[in-house]
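The values are calculated or read from the model by the stated rules, or taken from the named source; none is laboratory data. The structure presented is a predicted model; accordingly, all values stated were derived computationally and were not measured. Cβ atoms come from the backbone with ideal geometry, glycine included; neighbour counts cover every protein chain shown.
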């Protein structure tokens, strides 16, 4: 069943339930109200009857009785209003009754009356001759349901009379029926108005959900340029805002995936090109050696070329494997404390030849000993990549490698005087497969565009930080921080998707 119809059915059920509850409550309260009003009117009639008909001897200050003529006149007048009464003496015998009205008064009733209490009876079946327009139509006694009051009257604290006044319940029922008819007409009209209003509100609600449904279908088709209009602060619009944020996130993710795919394709092309060159060189040298086409004096040089190209291939493969291990959280760190200054000196010795080929100078600015808490192999890999990157983009310059102890760890800086980077390049150098200077991808020490991404993730796995500051033509400075044992995450940390 459609949501709109379910909502309308639920609304109809609620309205119908509410209507039934209101009808029952209204009927009950109306019945009680009509009986209270009738009793109040009967009490007033009884009081007026006594005041009009009582005979009182002022000189003796005593009650003498009731005037018969006055009683008959009041009886005819009240009969037109369907009210009948009977007057009883304190001796319990009847003094006067209109239309032979004769309610039953028991012993308990007399005790209450003598105590000054007025008795109210909702339903009684006294004997009475029914009258119309004050004329007696029949002398047949009929037991018709009546409501009545029985009220005592005193003179100087002495019971002088008891007046019973009653009217037919049918009169009350007629009034109640008319009030119920009016109530049903009013509630019916209100129900129709509420149903129409509920229809409009349901259409509005389902219309907003339909817009979100169409937007969801657009996203499913790959169109992320959708926006659900939001105007209020209710739950549907909150859902719309979340939907818009989801669409924006999906669009950004899709763009990032596309960008990464383009870089991956470029990386594969670059990797294939970089691998083709050394493989071609190695294959040519091997063929020369196999056919003894290389002079004896050039064999050592040829073998050196093969070693360099093999190292290049190994570096490319290792970087790719490391990136995949980090992506799948397979890196396990074996951290320990060691002297970073000694390792930096070893790296300088290894890279001096590469730096000299670019006419660069490597300089170390470090205390005699700087203790770092890190995985030894990964620390060497991080510093090797950053120093190699500095050599790659620096010619005829100075590369300064510094180390120092901070409050909660060790900090390392690699500053060069190379070509530097602009702001756009700074924002993208950590992205996988990105290369800041594509014109250098085929240089002797050109990298695959994946090294700095691995460096950043390895530093994060240590719980450390890495930052870079650079200006075009002024060089770049990489700052790496490794926390001490008490401040480093324990175990194998996992990287979030955004980090990878």
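Here are some residues: 300, 252, 216. Which one is within 30 Å of residue 428 (Cα to Cα) and outside the structural domain of residue 427 (by TED's automatic domain parsing)? Give the derivation first.
Values: 300 fails: within 30 Å of residue 428 (Cα to Cα); 216 fails: within 30 Å of residue 428 (Cα to Cα).
Just a single option satisfies the conditions, and that option is 252.
Counting only residues that are more than 30 Å from residue 174 (Cβ to Cβ) and in contact with a strand residue (DSSP E or B) (Cβ under 9 Å, 6 or more places away or on another chain), how many does region 73-112 have?
Residues flagged as more than 30 Å from residue 174 (Cβ to Cβ) and in contact with a strand residue (DSSP E or B) (Cβ under 9 Å, 6 or more places away or on another chain) within region 73-112 amount to 6.
Please count how many residues of region 52-78 are assigned to a strand (DSSP E or B) and either outside the structural domain of residue 97 (by TED's automatic domain parsing) or surrounded by fewer than 17 Cβ atoms within 10 Å (Cβ to Cβ) (or both). Give the derivation first.
Quick first cut of region 52-78, residues assigned to a strand (DSSP E or B) only: 54-57, 62-66.
Narrowing the set further to residues that are either outside the structural domain of residue 97 (by TED's automatic domain parsing) or surrounded by fewer than 17 Cβ atoms within 10 Å (Cβ to Cβ) (or both) leaves 55-57, 62, 64-65.
Residues meeting the conditions: 6.
Picking from 22, 16, 49, 9, which residue would you name as being in contact with a strand residue (DSSP E or B) (Cβ under 9 Å, 6 or more places away or on another chain), part of a helix (DSSP H, G or I) and at negative phi?
49
Residue 67 versus (1) touching a strand residue (DSSP E or B) at 6+ places or on another chain (Cβ under 7 Å); (2) under 30 Å from residue 176 (Cβ atoms): which is the lone unmet condition?
Of everything listed in (1) touching a strand residue (DSSP E or B) at 6+ places or on another chain (Cβ under 7 Å); (2) under 30 Å from residue 176 (Cβ atoms), residue 67 misses just condition (2).
Give me the residue from region 380-413 that is without any contact (Cβ under 8 Å) to a residue 60 or more places away in the chain, surrounded by fewer than 19 Cβ atoms within 10 Å (Cβ to Cβ) and in contact with a helix residue (DSSP H, G or I) (Cβ under 8 Å, 6 or more places away or on another chain) and, out of that set, farthest from residue 356 (Cα to Cα).
By that ranking, first place goes to 380.
Spot the failing condition for residue 42; the list is (1) buried (at least 16 other Cβ atoms within 10 Å of the Cβ); (2) touching a helix residue (DSSP H, G or I) at 6+ places or on another chain (Cβ under 6 Å), and only one is missed.
That leaves (2) as the condition not met.
If you check every pair at least six apart or on different chains, which have Cβ atoms under 7 Å apart with a residue in region 59-73 that is under 16 Å from residue 101 (Cβ atoms) first and a residue that is assigned to a helix (DSSP H, G or I) and at pLDDT 85 or above second?
Pairs that qualify, where the first residue is under 16 Å from residue 101 (Cβ atoms) and the partner is assigned to a helix (DSSP H, G or I) and at pLDDT 85 or above, are 66/53; 71/53.
Residues of region 434-454 being touching a helix residue (DSSP H, G or I) at 6+ places or on another chain (Cβ under 6 Å) and either within 21 Å of residue 339 (Cβ to Cβ) or modelled with pLDDT under 50 (or both), which ones?
441, 445, 446, 448, listed by residue number.
Quick one: which strands (runs of 3 or more DSSP E) lie wholly within region 292-407 and hold at least 3 residues that are over 56 Å from the mean Cα position of the chain (by Cα)? Quick ask: steps written out before the conclusion?
Details: elements: 335-339, 361-365, 371-375, 398-406.
Once the strands (runs of 3 or more DSSP E) in region 292-407 are filtered for at least 3 residues that are over 56 Å from the mean Cα position of the chain (by Cα), what remains is 361-365.
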